[in-house]
């Protein structure tokens, strides 16, 4: 068996999987923030108490 080639394939697959997981986590975080903003806008539109101010985003 060709060990260097096998290790290279495994390392590449691991790297790509990690990038996809962290990319998906970022997308979920952004989606959650968008829903939070929409909820605050809806509360203001209904005349309810405004949302608490948040920390500035990085």
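Only the coordinates and a few stated rules stand behind these numbers; no lab work does. Note that this is a predicted model, so its numbers are computed, not measured. Don't worry about glycine lacking a Cβ; one is built from the backbone with ideal geometry, like all the others, and counts go over all protein chains shown.
Computed extension gain for residue 49 through residue 25, at 0.36 nm per residue and net of the alpha carbon distance, reaches 5.6 nm.
Modelled label positions at residue 3 and residue 39, each set 7 Å beyond Cα in the direction of Cβ, lie 5.3 nm from each other. Most tightly packed first, judged by the mean number of other beta-carbon atoms within 10 Å of their residues, the peptides 2-12, 36-46 read 36-46, 2-12.
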